[in-house]
Amino acid sequence: MSSIKLPITLIIPAFNEAEHIRSVLDEVVPLVESVIVVDDGSRDGTADISNRTEAVVLRHLVNRGQGAALRTGTDYAVMNDSRIIVHYDADGQFRSADLSRMIEPILKDEADMVFGSRFLDNSTKMPFTKKHFIMPLARFINRIFFGLDMTDPQSGFRAFSYKAVKEINWQQDGMAHCSEILYLAHKNSLRIKEVPITIIYNEYGQRLSGGFKIIKDLFIARLLN
Amino acid sequence: MIQQLLAIFIIIYFISRLTWQYRQQALARSEYRFWMFFWLVALVLVVSLKQIDRLVLSLGFSAPGIAVLTDFAIIILLYFIFRLRLRVAKLERDLTKVVEHLAIKR
């Protein structure tokens, strides 16, 4: 393992992730400059476990959703002058080996935002229904409603340059933040790149019902704004 | 006729409750005005059911006036639910702002 740390602030939103958070932090803390865990109102000791590591731990008093937790962590990172910010999952599904690939286009000044994609190679063993029904539907909806043409519009593995993070201010507290961030990146004409990543599926993850909730949340947000 | 009297009695009861709550300062003036207007309109509609029947018939509805009123009431209720949903969404957004602020202050 290289002793030079990647110039990244990693934001990890965590809700009741006591089972996985320690192993995730043990893996990523030595690799990157700083790690911010945002405990999103967990009741299983996630924050206490995280506090035993070198990660900075922020706590939401009540559960507000992944989008809100990511915003808290991202705002904190910006306040502390982080130059490259990466969103990372707490459930052990992402591979730390993909981190350097994620930030490479930003370091080379080829992109302002980088999204990990599960569809650029065949390394991810995705559940059949998710791969052939839910994800194509998500791609279709993003193309129709937002004009976005991404291979993986629901990817939670994303890297922001400092410029990108200053320009993107998402409002969605729940899972709809993925679509909103993508939309804002396009709207602000940021340079976007997708890179292949591998996801290890411990569980099914977001279901079709979650997709309908995303559509409903985006619709209500449009009415509110 | 008995149903009409019963409805009038219930509406008058709600109007008196409303006035009592307002006097006890349990209601804001704007809220009091809104609900007073609502119940007075309901009272007028219940008292004028025969005229509404004639109006509804002249407009080409086959249902009696009370049925048309009920349909409109449901539509209005759905609209209020929709408004309430937007209000809840706004409150949730404000709550998130507070939670985030407290988290960052540590």
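The values are calculated or read from the model by the stated rules, or taken from the named source; none is laboratory data. In this text, all values refer to a predicted model and were calculated from it rather than measured experimentally. All Cβ positions, glycine included, derive from the backbone under ideal geometry; neighbour counts span all protein chains shown.
Odds and ends about this structure:
- Residue identified as over 18 Å from A:Arg83 (Cβ atoms) and crowded, with 24+ Cβ neighbours inside 10 Å among A:Asp44, A:Asp26, A:Asp48, A:Asp40: A:Asp40
Yes or no, residue by residue, for (1) touching a Pro at 6+ places or on another chain (Cβ under 9 Å); (2) over 23 Å from A:Pro13 (Cβ atoms):
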{"position": "A:Met135", "(1), (2)": "yes, no"}
{"position": "A:Arg139", "(1), (2)": "yes, yes"}
{"position": "A:Phe145", "(1), (2)": "no, yes"}
{"position": "A:Thr151", "(1), (2)": "no, yes"}
{"position": "A:Phe157", "(1), (2)": "no, no"}
{"position": "A:Phe160", "(1), (2)": "no, no"}
{"position": "A:Ala164", "(1), (2)": "no, no"}
{"position": "A:Gln171", "(1), (2)": "no, no"}
{"position": "A:Met175", "(1), (2)": "no, no"}
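- Condition met for A:Lys125 (closer than 25 Å to A:Ser100 by Cα, more than 18 Å from the chain's Cα centre (by Cα) and either modelled with pLDDT under 75 or surrounded by fewer than 14 Cβ atoms within 10 Å (Cβ to Cβ) (or both)): yes
- Residue-level analysis places B:Leu86 among those that are in a helix (DSSP H, G or I), closer than 30 Å to A:Thr74 by Cβ and either of a type in the set (Asp, Glu) or in contact with a helix residue (DSSP H, G or I) (Cβ under 8 Å, 6 or more places away or on another chain) (or both).
- With respect to being hydrophobic (A, V, I, L, M, F, W, C), part of a loop (DSSP other than H, G, I, E, B) and at pLDDT below 95, B:Ala63 fits the description.
- Out of A:Ile199, A:Ile134, A:Ile220, A:Ile141, sole residue that is part of a loop (DSSP other than H, G, I, E, B) and of a type in the set (Val, Ile, Thr): A:Ile199
- Listed here are the helices (runs of 4 or more DSSP H) enclosed by region A:1-112 that have at least 3 residues being in contact (Cβ under 8 Å) with a residue 40 or more places away in the chain and within 14 Å of chain B (Cβ to nearest Cβ): A:66-79.
- Candidates A:Gln172, A:Gln154, filtered to the one that is among the polar types (S, T, N, Q), touching a residue at least 40 places away in the same chain (Cβ under 8 Å) and touching a Cys at 6+ places or on another chain (Cβ under 7 Å): A:Gln154
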